[in-house]
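What follows is a set of notes on a single structure, which appears directly below.
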Amino acid sequence: MLLLIGFKETELAILKENLAFDLYPISDAARSILLQEVIDNIEQYTGDSLWHEQKFVLMHDLDNEGIKHTLSVFKKLGMRDVIFATTTPTSLSWTLENLLKELIEEHEYFRKQKGR
């Protein structure tokens, strides 16, 4: 299962054509909800994902091959500046908004480290 945030409808259509996983564009209604609750009630939180300026792909219950495949599809499609994350027991207990903030901080930290 892939939870997608920050993607345009045209991008979502392309991803649906190229990925065999269930794709869920997550609406801003999920912002203050625990990630586990979002996943448990995914249909309630599926909608317009274009509420965040950053693009996120949250991978839930994907094995290593599924993760590799997802990353390769994004690379093949030239979709850059996407923050990828797999769910963990810890992240499932956070609100979506707090998780996204943490992912942005980590992304910026690693970007700066790479630039050294």
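The values are calculated or read from the model by the stated rules, or taken from the named source; none is laboratory data. Please read all numbers here as calculations on a predicted model, not as lab measurements. Cβ atoms come from the backbone with ideal geometry, glycine included; neighbour counts cover every protein chain shown.
So that you can scan it fast, the table gives a plain yes or no per residue for (1) modelled with pLDDT under 95; (2) surrounded by 13 or more Cβ atoms within 10 Å (Cβ to Cβ):
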site	(1), (2)
Glu37	no, yes
Thr46	no, yes
Glu53	yes, no
Phe56	no, yes
His60	no, yes
Ser72	no, no
Thr87	no, yes
Trp94	no, yes
**Asked** Just checking, how many residues over the stretch 96-112 are of a type in the set (Asp, Glu) and either in contact (Cβ under 8 Å) with a residue 24 or more places away in the chain or crowded, with 16+ Cβ neighbours inside 10 Å (or both)?
**Response** 1
**Request:** Run down Leu50, Leu99, Leu103 and say which single residue is over 17 Å from Met1 (Cα atoms) and assigned to a loop (DSSP other than H, G, I, E, B).
**Result:** Leu50
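Which of the residues spanning the stretch 51-66 are under 12 Å from the mean Cα position of the chain (by Cα) and of a type outside the set (D, E, K, R)?
His52, Gln54, Phe56, Val57, Leu58, Met59, His60
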**Message:** Restricting to the stretch 74-85, and then to whatever is within 16 Å of Thr10 (Cα to Cα) and without any contact (Cβ under 8 Å) to a residue 12 or more places away in the chain, can you tell me which residue is surrounded by the most Cβ atoms within 10 Å (Cβ to Cβ)?
**Reply:** Arg80
**Residue within the stretch 10-27 that is surrounded by 15 or more Cβ atoms within 10 Å (Cβ to Cβ), within 28 Å of Arg111 (Cα to Cα), in contact (Cβ under 8 Å) with a residue 60 or more places away in the chain and among the acidic types (Asp, Glu) present** = yes
**Asked** Applying the selection to the stretch 1-47, what residues are of a type in the set (Phe, Trp, Tyr) and either touching an Asp or Glu at 6+ places or on another chain (Cβ under 6 Å) or assigned to a helix (DSSP H, G or I) (or both)?
**Response** Tyr45
**Prompt:** When only residues in the stretch 79-96 that are in a helix (DSSP H, G or I) and not β-branched (Val, Ile, Thr) count, which is nearest to Asp40 (Cα to Cα)?
**Reply:** Leu92
